[in-house]
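None of the figures in this text is laboratory data; all of them are computed from the coordinates on show. From a predicted model like this one, the values you see are computed outputs, not experimental measurements. Here Cβ is always computed from backbone atoms with ideal geometry, including for glycine, and neighbour counts include all displayed protein chains.
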Amino acid sequence: MNVAVLSALDLSIAAALVVLLALLSFRLKLGLAAQMLIAALRMIIQLLLVGMVLQFLFANSSLWLVILISMVMLLAAGREVRSRAKRKIRGPIGYGVGVGSMFISSFSIAVLALLVILQQDPWYEPRYAIPFLGMLLGNTMTGIALAVDRMTSLFHEQKEAVEQRLMLGETKGEAGADIRRDCMRAGMIPLINSMAAAGLVSLPGMMTGQILGGTPPMEAVKYQLLIMFLIGAGTGFGVICSILMIQNHLFDERHRLRLDRLLPLQPRNR
Amino acid sequence: MKEPVSPSSSPDPDQLIVSGLRFGSQGPYDFSLAPGMCCGLSGVSGSGKTLLLRAIADLDEHQGECLLNGISSSAYPAFEWRSRVALVPAESRWWHELVGDHLIYRDGEKRAVDLLVSCGFGAEVLNWQVQRLSTGEKQRLSVVRALLREPSVLLLDEIGSSLDGDSELLLEQMLMDYRRRRRASILWVSHSPGQLARVADTLLVLHPDRLEAVQEVSQNQFAQKNQEVSP
């Protein structure tokens, strides 16, 4: 069975719905019309570019090219994690937390899956490597960004309570324990919910795509399970990595809470 | 500055020595606290009393040294230094639901209950919800919480400010008992000349560049001093 080929007209009809929504929102003064259109335009351009890059990549399977593209994706994801936090960490370590956690959550997991589970020849076969990495990056980023945002905000909000615990002779690990637990929860809950709802409430995107592409449902389910396990583990490891890095950075070697290592809030930035 | 507040010339092994302490643009400050001594600390608002206590407790970056038992704070693990040199802040913070969860019972629950009773509570307070405590109750309980950890030095930051007269006296009594029993020294920041006259053996007034020792503890003289430094 072949995929139904989409024509430009087919896509225009779907896009018209978004334009209609923007018009309605503008008419009812609900806001967001401009942002919606800009986001849609960005998506069109980005996806078209990615499509071209992938087409080129699949035609020229080279390890260095795969690594180069992976790095670009990884750095972009790290930057995105940082930009989503309300209170950002000052200096290069602010990017380091994002990139480091995304490396653990996506890059290392993707390499493991390619080498041990998928075992294509060559192992970096772009047709598997890039979609896997992209799927992992996109899906683990939400959890990690939530955890990072929550952690810096909580340390800021609960400065007095954390310092009170330090005054009572607790270590930085003990004084930050409640906050760490809270952030682990914030980072993992969306994923746990989506695992619990998968198949009942929603058909996962990748499985839907494969079924539309003609894969037998049971095969699509197996791939979906594989990717969900990887996303789940990746998110967890990535969240833990980000929590430990932030904890380590916001206290100094004398176990003092160092909120001067956070950037002050920039009121105009959302 | 004049002779530090230590009364004896031979250094006691247990005494807290602060030497050349600087933080922000303030200092250097030098003084020492002999075991069992209670020293009042005063100064106009914004003169940095809280910052001085925080620097001694090693909660903020600072230059200079604080020594206990002749050992510099930097040679202790940070948490151990802070459990020996305990800062009780003006506004206490609580993170568990029940009061009892914040207290540690090194010598069993009896010691905690004794302390609670000595500052006017009953044992049932252990099961009280922190949320329902008044500011004054929190202040008294935060002192109990600190004392249960048996510190050698107490740094008290205006802990009596929300208390009525009777509770204040009970709290002072509890701290004086602890000081005698444990031979602990106390650095007590207070705006109340009456309170300092009751509890302090010596008085210091904090200035941006020095600590002024007020030799004789008398309520009137201290009140005068306080007025002099007020703008």
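Here, P(r) means the percent of Cα pairs in each 5 Å bin from 0 to the largest distance; for the stretch A:1-59 it is 4, 15, 17, 20, 17, 12, 8, 5, 3, 1. Work from the charge dipole of chain A (Cβ charges, +1 for Lys and Arg, -1 for Asp and Glu, about the Cα centre) and give the residue of A:LEU37, A:PRO216, A:PRO131 farthest towards its positive end. Highest projection toward the positive end goes to A:LEU37. Can you tell me the 0 to 90 degree angle between the C-alpha axis of helix A:33-59 and the longest principal axis of chain A, rounded to 10? In chain A, helix A:33-59 runs at an angle near 70 degrees to the longest axis.
Extension gain for the segment A:PHE56 to A:ILE93, taken as residue separation times 0.36 nm less the Cα-Cα distance, is 9.9 nm to one decimal. Assuming R0 = 51 Å, can you tell me the calculated FRET efficiency for the pair A:ASP182 and A:SER12, based on Cβ-Cβ distance, to the nearest 0.05? So, using R0 = 51 Å, E works out to roughly 0.65. The loop-placed trypsin sites (Lys or Arg not before Pro) in the stretch A:40-97, going by DSSP, that have at most 16 neighbouring Cβ atoms within 10 Å of their Cβ come out as A:LYS86, A:ARG90.
Mean per-residue shielding of peptide A:156-168 is 6, counting Cβ atoms of other chains within 10 Å of each Cβ.
Each Lys or Arg adds one and each Asp or Glu subtracts one; over the other residues with Cβ under 10 Å from the Cβ of A:PHE251, this totals +3.
Only alpha carbons enter this Debye calculation for the stretch B:88-204, each as an equal point scatterer, and the log10 of I(q)/I(0) it gives at q = 0.10, 0.14 Å⁻¹ is -0.27, -0.54. Modelled label positions at A:LEU49 and A:GLU80, each set 7 Å beyond Cα in the direction of Cβ, lie 1.3 nm from each other. The alpha-carbon atoms of the stretch A:130-244, seen along their principal axes, cover 63, 28, 17 angstrom, with the largest extent given first.
Altogether, the Stokes-Einstein calculation at 20 °C and 1.002 mPa s, with the Kirkwood radius of chain A over Cα pairs as Rh, returns a diffusion coefficient of 102 µm²/s. Remark: chain B projects, on average over all directions, an area of 12.4 nm² (convex hull of Cα atoms). Label-to-label distance for B:ALA213 and B:ARG181 is 3.1 nm, based on points extended 7 Å past Cα in the beta-carbon direction.
Here r is the Cβ-Cβ distance between A:TYR223 and A:MET71 and R0 is 35 Å; the resulting FRET efficiency, rounded to 0.05, is 0.85. Counted by neighbouring Cβ atoms within 10 Å, the residues B:THR135, A:THR152 run from fewest to most as B:THR135, A:THR152. For chain A, the dipole from Cβ point charges (+1 on Lys and Arg, -1 on Asp and Glu) about the Cα centre works out to 920 debye, to the nearest 20. A simple spin-label model places pseudo-atoms 7 Å from Cα toward Cβ; at A:ALA198 and A:LEU259 they are separated by 4.0 nm. Please go through the residue pairs B:LYS49/B:LYS138; A:LYS172/B:LYS138; A:LYS29/A:LYS159; A:LYS86/A:LYS172 and name each one whose alpha carbons sit more than 32 Å apart in this structure. Over 32 Å apart, Cα to Cα: A:LYS29/A:LYS159. Across B:TRP95, B:TRP81, B:TRP188, mean-square fluctuation computed from a Gaussian network of chain B (C-alpha pairs under 10 Å connected) peaks at B:TRP95. Which residues in the stretch B:143-184 place their backbone N less than 13 Å from a point set 7 Å from the Cα of B:SER134 along the Cα-to-Cβ direction? Residues passing the 13 Å test: B:162-168.
Distance distribution note for the protein assembly as shown: the fraction of Cα pairs above 30 angstrom is 61%. Scanning chain B for trypsin sites (Lys or Arg not before Pro) in DSSP loops with at most 11 neighbouring Cβ atoms within 10 Å leaves B:107-231 as the longest stretch between them.
Springs between Cα atoms under 10 Å define the GNM used for chain A, and in it the highest mean-square fluctuation of A:LEU75, A:LEU225, A:LEU136 occurs at A:LEU225. Once the C-beta distance of B:GLU109 and B:ASP201 is scaled by a Förster radius of 35 Å, the resulting FRET efficiency is 0.60 to the nearest 0.05.
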